Amino acid sequence: MGRGTLTRRREDSPTAQPLRETKEVAFWSAFGLWFTFTPVLVRAGAGGSGWERFGAGGDREVFVFTTLRRPESFSWSAPEEDTALLEGVGAWGTKERKGDDAFELFLLMSVDE
């Protein structure tokens with residue numbers, strides 16, 4: 001999510017990310033401020049009637065999303081320091097620290113009962 005990529009305009013883009021460590025929470029919190037992202041779903045099993053998240057299960061769980069840069073974010077100023085960017089500074093056009101909880105919601109929705 002470096003500053004060089006924030007100026008590029010594009011339609012939906014696939015993004016794949018393995019879940020490695022909880023220290024990545026800051027990244028996902030900041031990512032959700034600048035982008036909307038939706039998990040890619042596939043039919044469950046051969047000929048299944050239900051849906052499941054693509055990349056779920058297996059030895060190494062991977063999250064695959066379609067992403068779209070928030071249109072309003074093109075007018076925001078990205079901070080020079082990565083730490084400030086990860087703290088949400090600049091998002092929504094303000095210098096206050098903030099975050100987004102979309103990724104945590106995806107994690108909670110994928111917890112098996």
Point to revise | Extension gain (nm, one decimal) between T66 and M109, 0.36 nm per residue minus Cα-Cα | key: 13.8 nm
Practice item. Order these peptides, 95-104, 72-81, 44-53, by their mean beta-carbon neighbour count within 10 angstrom, highest first. Key: 95-104, 72-81, 44-53
Review point. Using a simple spin-label model with points 7 Å from Cα along the Cα→Cβ vector, what separation in nm is obtained for V40 and E80?
Key: 3.9
Review point. Simple spin-label model, 7 Å along Cα-to-Cβ: K95 to D59 in nm?
Key: 5.0
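The numbers here are math on the coordinates, done by the rules we state, and not lab data. Because the structure is predicted, anything quoted here is derived from the model rather than measured. All Cβ positions, even for glycine, are placed from backbone atoms using ideal geometry, and neighbour counts span all protein chains on display.
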